[in-house]
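Have a look at the structure below before the remarks.
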Amino acid sequence: IEPDHHLEISTRNTMVVLGLAYGITSRLSVFGTLPLLVGKAHEHVDGVGTPDEHFTNADGTSGFGDVIVGVRYALLVKATDLLMGSLALKTPTGPYKLLDSEGAIDEPTLQPGTGSYDGLVTLYYVHHQFPGSVEWFVSGSERINGSNSLDYRIGDETVLTGGVGYAAGERWVFSLQLNGRHAGRDHYIGEGVPSTGSDAISLSPGIRFGPGKELELYSYVQIPVYQDVNEAQLAPRLGFIVGLSKRF
């Protein structure tokens, strides 16, 4: 992998995701995540320090992403406590060989898919002392990534989350989360890839609104409070999530 003569300016990632879940028993369910659109805008100054230096935003990509399928099981169900675990498989359904403006395969981080099969393990615990309005929760997940046909392997990822939620009446829930994420270094042909791998901690205030018993709207803002990257990398300044949940 040879370095390009350009200065990174910014990237913007946009995802539209449809999540589906079906309860087989009172404790066991199957689920799937369909990334209907993964858009990655990429802006930089190309040819830095040469007579051909110019700004370009032509190297972004968009497309259908990698589908995730899995099973979820309630390991502990009590009046005040719930512990759930899930196992999932990410499948290489999204394109990962899209070309940039110069006709070469674009960077792996700019592709809608990764081209690899990956495994995901998650544990989630929540405690709610009824009839109180406050609950607290913790979760942890591990993503073990495989290599694609280009012999590129994205680093494994560990995510830890803890937070608290407060129900203001029957419809509004306010929450605050602290999210920690460790991303391992990527590998290409068995060698570590420079400027990959990072550690980050984010603070995420959120709000949920339930206009009906089966419908819920939610939104979160992810604010980085600590970031440590290997070598030189772009780091996010802000994340925003908005969604809708419907039960049938």
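Annotations
- In the range 228-243, residue nearest to LEU18 (Cα to Cα) [restricted to those that are open to solvent by less than 80 Å² (accessible area, probe 1.4 Å) and not in a loop (DSSP other than H, G, I, E, B)]: GLY243
- Among the residues making up the range 40-65, those that are open to solvent by less than 30 Å² (accessible area, probe 1.4 Å) and at pLDDT 90 or above are GLY63, GLY65.
- Selection status of PRO205, surrounded by fewer than 15 Cβ atoms within 10 Å (Cβ to Cβ) and farther than 24 Å from SER147 by Cα: yes
- Some residue of the range 137-154 being within 25 Å of SER219 (Cα to Cα) and modelled with pLDDT under 95: no
- Restricting the range 8-38 to residues that are modelled with pLDDT under 90 and within 27 Å of ARG153 (Cβ to Cβ), the residue that is surrounded by the most Cβ atoms within 10 Å (Cβ to Cβ): THR11
The values are calculated or read from the model by the stated rules, or taken from the named source; none is laboratory data. Note that the structure is a prediction, hence the values are computed from the model and not measured. A quick note on method: Cβ atoms are made from the backbone with ideal geometry, for glycine too, and the neighbour counts reach across all protein chains shown. We work out accessible area using only protein heavy atoms, side chains counted, and drop any ligands, DNA or RNA first. Shrake-Rupley method; radii C 1.70, N 1.55, O 1.52, S 1.80 Å.
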